[in-house]
Each structure stands twice: as structure tokens, then as C-alpha cells.
Amino acid sequence: MADQKAPPKWRQLTGNSGLNYAAWQLSRRGWHVMPTIRNARGSDLIVTNIDETVFFGVQSKALSKRNAVPLGEFTQNLRSDWWVITINANSDNPICYVMQKDEVRQLALQDKNGGAFWLEPSAYDRDEFREAWHRMGAQPEPLSLTP
């Protein structure tokens, strides 16, 4: 999801940048990745290994800068197994944070008035999550373009 304060056109572009960057990162590591329908409930990416014996969903959240990630009113409604938060999504140097759904739930904070939940930057911007693509399990061998 893109930044909430940006104009709608830029939010969509930021979201697309983060989604495609996450798909590229997974694909270059040997995973098959397919985006789902925009704005549908559930995962933004469906990922499988080459033998189709491992499947998982990825929720992509993209931000133009290091901001809090909106999670909605109920953390129990979070569906995707994995979350990829991409900051600086529109830049030449995006940074991704790879988290499990339960980690997102555990680290989420609720608005003071009992409203929506958020994931603050200090919760996701940690060394154990930064570019931690290896956390998604036993990955197939990356494809090599050289003989």
C-alpha cells in the first residue's frame, strides 16, 4: 500500500513500484510469482516453487519514505503468510523488510482512540527483517544466465 497523504495517482504508482520490486526480488531468487487482482482482499502476490510443492501469499506494502504502515481495524483479518514492506519504492534504491504475518500482528500498535492499527517504522526497520528474503524458507537455486 502506498502513502496515504500522497495524491491518488502517486499512491497507485508507489504501490505498483513496491509490488513489482518485490515480485522481481522473489523471481530472481528462483520463485514463480504471480500478482493478484488489484485491490482484492488477501495476498498481492502468490508465490510457488518450481515443483509447485510450496505455495504462499505475500502482502506488499510500499511507501515513498520511511513511514508507518496502515493495517486496518482488525489485525486478526491479516491474511497473507508473508509481508514485504518496501520503503523508498519510487527510488533507485528501494529497501524491503520481510516479515511473517504473526510478527506484523505482534508488533502492530493501535490508535489511541481504539481505531486502526499501524506498524511503526521502528517495528519493521530492523536488521532481522531488512532484505531478509531467505526467511521465506528453502528457496530453489537462483536462475543463472551464464553457462
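The values are calculated or read from the model by the stated rules, or taken from the named source; none is laboratory data. Here the structure is a predicted model, which means the values were calculated and not measured. Cβ atoms come from the backbone with ideal geometry, glycine included; neighbour counts cover every protein chain shown. Note: accessible area is taken over every heavy atom of the protein model, side chains too, but ligands, DNA and RNA are not part of it. Shrake-Rupley method; radii C 1.70, N 1.55, O 1.52, S 1.80 Å.
Descriptive notes on the structure:
- Take the conditions (1) open to solvent by 20 Å² or more (accessible area, probe 1.4 Å); (2) touching a residue at least 24 places away in the same chain (Cβ under 8 Å); (3) closer than 16 Å to Gly15 by Cβ; Arg66 misses just one of them, which is (3).
- Positions within the stretch 35-55 being more than 25 Å from Pro121 (Cβ to Cβ), assigned to a strand (DSSP E or B) and open to solvent by less than 30 Å² (accessible area, probe 1.4 Å), in sequence order: Val47, Thr48
- Index of the failed condition, Val47 passing every other in (1) touching a helix residue (DSSP H, G or I) at 6+ places or on another chain (Cβ under 9 Å); (2) free of Cβ contacts under 8 Å to residues at least 12 places away in the same chain: (2)
- Across the stretch 83-130, the number of residues qualifying as within 25 Å of Glu52 (Cα to Cα) and open to solvent by 70 Å² or more (accessible area, probe 1.4 Å) comes to 2.
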